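Asks: Okay, here's the structure, questions in a sec.
The values are calculated or read from the model by the stated rules, or taken from the named source; none is laboratory data. Only a predicted model underlies this, so the values are computations on that prediction, with no experimental measurement involved. Cβ atoms come from the backbone with ideal geometry, glycine included; neighbour counts cover every protein chain shown. To get the accessible areas, we keep the full protein, side chains included, count just its heavy atoms, and leave off ligands, DNA and RNA. Shrake-Rupley method; radii C 1.70, N 1.55, O 1.52, S 1.80 Å.
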Amino acid sequence: MSKNVSQFFLLDTWSTNFDSLAIPAKDTSVVIGGLLPMTYYKIRVIGQNSLGYSEPSKELVIKTLEEGKF
């Protein structure tokens, strides 16, 4: 696997409104910036190599924290 593509969506705009983030395959974690506080998102990962793309992973639904909370 040469890289993973992480896609994230606002929970209520699943259709084609999404952002993607390319992640080297050796990385085991990623920080996604620019998300809104107190907002639900769906995240999935797609692998990519010289043969093309994998099927997307199962969706993970997350909710961001209040602004300034960690």
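Asks: Would you say ILE62 is open to solvent by less than 90 Å² (accessible area, probe 1.4 Å) and modelled with pLDDT of 85 or more? It would help to see each step written out before you state the result.
Replies: Values: open to solvent by less than 90 Å² (accessible area, probe 1.4 Å): yes; modelled with pLDDT of 85 or more: yes.
So ILE62 fits the description; yes.
Matching residues to (1) modelled with pLDDT of 70 or more; (2) part of a loop (DSSP other than H, G, I, E, B); (3) open to solvent by 40 Å² or more (accessible area, probe 1.4 Å):
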residue: MET1; (1), (2), (3): no, yes, yes
residue: ASN4; (1), (2), (3): no, no, no
residue: ILE23; (1), (2), (3): yes, no, no
residue: SER29; (1), (2), (3): yes, yes, yes
residue: LYS42; (1), (2), (3): yes, no, no
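Asks: Related question: List the pairs whose first member sits in region 18-35 and is touching a residue at least 24 places away in the same chain (Cβ under 8 Å) and over 17 Å from ASN49 (Cβ atoms), whose second member is of a type outside the set (S, T, N, Q) and open to solvent by 70 Å² or more (accessible area, probe 1.4 Å), and whose Cβ atoms are under 9 Å apart, counting only residues at least 6 apart or on separate chains?
Replies: Once the first residue is touching a residue at least 24 places away in the same chain (Cβ under 8 Å) and over 17 Å from ASN49 (Cβ atoms) and sits in region 18-35, its partners that are of a type outside the set (S, T, N, Q) and open to solvent by 70 Å² or more (accessible area, probe 1.4 Å) give ILE32/ASP19.
Asks: Then there is this: Can you pull out the residues in region 44-59 that are surrounded by 10 or more Cβ atoms within 10 Å (Cβ to Cβ) and either of a type in the set (D, E, K, R) or over 13 Å from the mean Cα position of the chain (by Cα) (or both)?
Replies: Selection gives ARG44, GLN48, ASN49, TYR53, SER54, GLU59.
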